[in-house]
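K.L.:
My questions will all concern the structure given below.
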There are 2 protein chains.
Amino acid sequence: MELNGHTFLDKVLGIVKEETDHETALIQFKHPKELEEILRENLDISKKLNDQDLEKAVRKVLQYSVKTNKPTFRNQLYGGTDPYGLAGAWIAEAFNTSQYTFEVAPVFTLIELKVLDHILKLFGISDGDGIFSPGGSISMLYALVAAASKAFPEVKRIGMGGLPEMVIVTSEDSHYSILKAAHWLGFGIENVKVIKTNDHGQMSATDLENTLQQELALGRTPLMVNATAGTTVLGAIDDLENVAAICEKYGVWMHVDACWGGSLILSKKYRSKLKGINRASSISWNPHKMMGVPLQCSVFLLREKGVLHEANSAAAQYLFQQDKFYDVSYDTGDKSIQCGRKIDAFKLWMIWKARGDIGLNHLTDHVMEIAEFCIQTVAHRSNFRLVTMHMQCPNVCFWYIPTFMNNKMENEEWWNTTHKITPKIKEQLTLRSQAMVAYSPLRERKNFFRLAFTFHPVLEKSHVLDILQAIEECGEGITLPVL
Amino acid sequence: MELNGHTFLDKVLGIVKEETDHETALIQFKHPKELEEILRENLDISKKLNDQDLEKAVRKVLQYSVKTNKPTFRNQLYGGTDPYGLAGAWIAEAFNTSQYTFEVAPVFTLIELKVLDHILKLFGISDGDGIFSPGGSISMLYALVAAASKAFPEVKRIGMGGLPEMVIVTSEDSHYSILKAAHWLGFGIENVKVIKTNDHGQMSATDLENTLQQELALGRTPLMVNATAGTTVLGAIDDLENVAAICEKYGVWMHVDACWGGSLILSKKYRSKLKGINRASSISWNPHKMMGVPLQCSVFLLREKGVLHEANSAAAQYLFQQDKFYDVSYDTGDKSIQCGRKIDAFKLWMIWKARGDIGLNHLTDHVMEIAEFCIQTVAHRSNFRLVTMHMQCPNVCFWYIPTFMNNKMENEEWWNTTHKITPKIKEQLTLRSQAMVAYSPLRERKNFFRLAFTFHPVLEKSHVLDILQAIEECGEGITLPVL
């Protein structure tokens, strides 16, 4: 049987380069129904295309896709990719390998182990353990499973029904994945206790300790405290030393969700912001966020060796045979909830080999300097108003207040208007393809922008000024009534 | 700040082609410690390399990696990739996009929806729902969460502690991911009730019904029956019509783990083997297995719309804002347990566009014909002994019995020797780089080989004969005592 397709790979690099070059738009936004209409034929998959028509279809798909590699893509906590990481991703895809056993992934297994070792050391953990997971939310599941398994090893066997009442503690600014995890794993979201944060977004240590005491008094077991190093919106880093001291005092598993802020560990200058993270029982870090490893690249780390295997092993006979001819302790797959698992560590290895600790140190410092420049600019630019000056990760949060809103009483109505102005500006930014910038409300704060900076593409100050300028232009174009 | 790396991408295609061409070995096996020694410098990531040295390091990594694209790689339920799928993977990586909201992934969102629609139709489900997940094990988690959420919507809020006792029912030949899922989600593995299978590996309907009745009599709620379409080892497909009838009778969620066998739906000739699958409450299918989509590409389907969103939504304010300027019903991310999520559907779209239903039909028929040829050959070849003639998926399971074992009493000792011979043959096959073939014990059966066939690379009969020949050669080289 003959098979076509092998020559199409030769076209990919050209297609990708052309469809992401500097002349392409960040986004050609179309509303869903409109886009469906434009792409009707391209979306239909029942009919076979020849390579030439396939190329046309692919180019059309890419034409209407967001160019996440542009400096103006600031919509998420990821952005462009590190080119070495992308090369690593391409190689990994071509070698189509699953990471369960040494026999099918000999080098990739060693690479995962060595990369984890290096990362553990960076985080100040000696003799720890870890695994690559398909994302921060899955890492949160790993953390809770490990905590439960450590506290109640019988949970694996008997389930949650037979265990004492448990609670999970997190801050109000933490990522929503803890709610999903609490639901999935059978804790229930009512048993997630939410601690107040201060103006900068850091969890209140006093409230944390009070909550632990209250829960204990009520006879409920606090299973895990989830501290955050880099909250999603403000980029706040909880006082990890303080949280660690409290967790140690009450014997509670301390997880640090460092999915976003974990990249600061790469910088000699900024890693002190993570002080105390070495005392965590577990840590999650997503190099696919700030660091620009292609999606997905997520690390879950534990301070104690063995917990991961005990928590997750099922000893499948067909895969993890104990009568293999090599040292099966290198079959790392039974530590995982996954069976098939991508070799995500390889992408990180590529980047680290190409840049070294020193190159990654520079990239981290640079992104923090750009964010610092942005925050200083915003602080001094008229019509911009910072949500907080206290920058911890490279997040800069602010409102744009159009001139017509100046010198008015800042009452509830004024804030409600501001709340509507932010998405309106975003709409204009998007429709004009000038920038994609995230916005969000937060607690009592009305919709504001979040500019989050990532390693790639490497930004210059001029890029920051361009984005702020675009926001200003769109903001000044807003007229009342807003909606 | 200047940044290197962009030229490395130009080298990737060349490196990949050279390191996987027909002259490269399937595997140059080294034991873990030995390999660590050989790659010592390559594994160390603290030091920065220039592009030239990086290329050398990459080539060395690939030299010792398994070439999963070779016809002789038959070690897992995946193999070589579809070249169009690989092209899709490369484009997806280059476009580094997360699949949560329409605004960042407009076309990829539509592609996921359309591909899911097409797949749902193939499986005979109208107006269903679905999502791409990072693998079959995560899909199993989705299934159980959906089942629990449908039966007890309050689980999300209150957790498993407040619910009645539940059991999950599966066959003894089903995949181990259900055990991991039962543990993770708080059911406990003791509450997984295991049903006997027949000689071909199919779940006994009588035992299934008896078990449901017993559990109900004991006051426990059977939450889900997990049927399998393509067991891991034998490739058995449970009698889905029968299982469906029982599940309907007792009002139990029917999940079909069709991760392996689901690809048969692509063939007009063979899809009848999945008869009844349209009656399932949920289905998991991994196109990254038989079909050769690059890892990962896993689909989770549900017959009822809405369940997925109800079960999993957390309505994060910063991501799923309801005041966006477009129709936010296209923001599909809140149906997922993941936050960041790869655009895996795009790879499948590429393949489908390039081959059409018709091309995929041919590839499915071909793989089944090759497996049929293999089973017929094994059946008639001396010293080979089939585990079962009843082929359902393209799995062929057999022992190789070296000549010196012939004409002996097949007592316990004989079988124990056979049990040791199989891994010994595998060792030789691997060390000589002749083939990688899975082996496994199963229930009372001693270690046997499993040859599983996949779409890619497209095999000819000669490939099958070569593999059998290699097994024979290695088998005849075995001498007593085996260990």
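K.L.:
Restricting to the range A:84-120, name every residue that is under 23 Å from B:LEU86 (Cα atoms), without any contact (Cβ under 8 Å) to a residue 40 or more places away in the chain and under 22 Å from the mean Cα position of the chain (by Cα).
P.N.:
A:TRP90, A:GLU93
K.L.:
Please determine whether any residue of the range A:303-323 is touching a Phe, Trp or Tyr at 6+ places or on another chain (Cβ under 7 Å), among the basic types (Lys, Arg) and more than 8 Å from chain B (Cβ to nearest Cβ). Outline the logic, then answer.
P.N.:
Here is the first cut: in the range A:303-323, the ones touching a Phe, Trp or Tyr at 6+ places or on another chain (Cβ under 7 Å) are A:314, A:316, A:319.
Then drop every residue that is not among the basic types (Lys, Arg), which leaves none.
So far as the range A:303-323 goes, no, none of its residues is touching a Phe, Trp or Tyr at 6+ places or on another chain (Cβ under 7 Å), among the basic types (Lys, Arg) and more than 8 Å from chain B (Cβ to nearest Cβ).
K.L.:
Still on this structure, I have one more. Which of the residues belonging to the range A:176-206 are among the charged types (D, E, K, R) and buried (at least 18 other Cβ atoms within 10 Å of the Cβ)?
P.N.:
Residues satisfying the conditions are A:LYS180, A:LYS193.
K.L.:
How many of the residues making up the range A:207-247 are crowded, with 24+ Cβ neighbours inside 10 Å and of a type in the set (D, E, K, R)?
P.N.:
Matching residues across the range A:207-247 total 1.
K.L.:
Tally up the residues in the range A:158-176 that are more than 21 Å from A:ARG220 (Cα to Cα) and in contact with an Asp or Glu (Cβ under 8 Å, 6 or more places away or on another chain), please.
P.N.:
Taking the range A:158-176 first, the residues more than 21 Å from A:ARG220 (Cα to Cα) are A:173-176.
In the following step, the residues that additionally are in contact with an Asp or Glu (Cβ under 8 Å, 6 or more places away or on another chain) were identified as A:174-175.
Final tally of qualifying residues: 2.
K.L.:
Of the residues in the range B:325-346, how many are assigned to a loop (DSSP other than H, G, I, E, B) and at the interface with chain A (Cβ under 9 Å from one of its Cβ atoms)?
P.N.:
Of the residues in that region, 11 qualify.
K.L.:
In the range A:222-234, which residue that is assigned to a strand (DSSP E or B) and touching a helix residue (DSSP H, G or I) at 6+ places or on another chain (Cβ under 7 Å) is nearest to A:HIS288 (Cα to Cα)?
P.N.:
By that ranking, first place goes to A:ALA229.
K.L.:
Return yes or no: is B:LYS11 surrounded by 14 or more Cβ atoms within 10 Å (Cβ to Cβ), of a type in the set (D, E, K, R) and without any contact (Cβ under 8 Å) to a residue 60 or more places away in the chain? So that I can check it myself, show each step before the final result.
P.N.:
On the way: surrounded by 14 or more Cβ atoms within 10 Å (Cβ to Cβ): yes; of a type in the set (D, E, K, R): yes; without any contact (Cβ under 8 Å) to a residue 60 or more places away in the chain: yes.
Answer is yes for this residue.
K.L.:
Suppose the filter is more than 30 Å from B:VAL396 (Cβ to Cβ) and not in a loop (DSSP other than H, G, I, E, B); does B:LEU110 pass it?
P.N.:
So B:LEU110 passes the test.
K.L.:
Are any residues in the range A:397-427 modelled with pLDDT of 95 or more and either of a type in the set (Lys, Arg) or not assigned by the TED database to the domain that holds A:ILE375 (or both), and if so, which ones?
P.N.:
Correct list: A:LYS420, A:LYS424, A:LYS426.
K.L.:
Taking strands (runs of 3 or more DSSP E) that fall entirely within the range A:368-478, which contain at least 3 residues that are surrounded by 18 or more Cβ atoms within 10 Å (Cβ to Cβ)?
P.N.:
A:395-400, A:436-442, A:445-452
K.L.:
Write out, first by first residue and then by second, each pair whose Cβ atoms fall under 6 Å of each other, whose residues are 6+ apart or on separate chains, and whose first residue, in the range A:336-363, is within 14 Å of B:LEU49 (Cβ to Cβ) while the second is of a type in the set (Asp, Glu).
P.N.:
The qualifying pairs are A:ILE351/A:ASP82.
K.L.:
Pull up the range A:347-361, narrow it to residues that are within 7 Å of chain B (Cβ to nearest Cβ) and farther than 19 Å from B:VAL61 by Cα, then point me to the one that is farthest from the chain's Cα centre (by Cα).
P.N.:
Ranking the candidates gives A:ILE358 first.
K.L.:
May I pose another question? Could you count how many residues in the range B:64-91 are over 23 Å from B:GLY261 (Cα atoms) and among the hydroxyl-bearing types (Ser, Thr, Tyr)?
P.N.:
So the count comes out to 2.
K.L.:
Name the pairs whose Cβ atoms lie under 7 Å apart, with the first residue in the range B:429-447 and on the phi > 0 side of the Ramachandran plot and modelled with pLDDT under 95, the second surrounded by fewer than 20 Cβ atoms within 10 Å (Cβ to Cβ) and assigned to a loop (DSSP other than H, G, I, E, B), and 6 or more positions between them or separate chains?
P.N.:
B:ARG443/B:GLU172
K.L.:
Working only within the range B:82-94, note down all residues that are at the interface with chain A (Cβ under 7 Å from one of its Cβ atoms) and either closer than 16 Å to B:LEU348 by Cα or among the β-branched types (Val, Ile, Thr) (or both).
P.N.:
To start, the set of residues in the range B:82-94 that are at the interface with chain A (Cβ under 7 Å from one of its Cβ atoms) comprises B:82-84, B:86-87, B:89-91, B:93-94.
Those that are at the interface with chain A (Cβ under 7 Å from one of its Cβ atoms) and either closer than 16 Å to B:LEU348 by Cα or among the β-branched types (Val, Ile, Thr) (or both): B:ASP82, B:PRO83, B:TYR84, B:LEU86, B:ALA87, B:ALA89, B:TRP90, B:ILE91, B:GLU93.
K.L.:
For the range A:59-81, indicate whether the set of residues that are surrounded by fewer than 22 Cβ atoms within 10 Å (Cβ to Cβ), within 9 Å of another protein chain (Cβ to nearest Cβ), part of a helix (DSSP H, G or I) and without any contact (Cβ under 8 Å) to a residue 40 or more places away in the chain is non-empty.
P.N.:
Yes - at least one qualifying residue is present in the range A:59-81.
The values are calculated or read from the model by the stated rules, or taken from the named source; none is laboratory data. The shown structure was predicted, so the numbers you read here are calculated from the model rather than taken from an experiment. Every residue, glycine among them, receives a Cβ derived from its backbone with ideal geometry; neighbour counts consider all protein chains shown.
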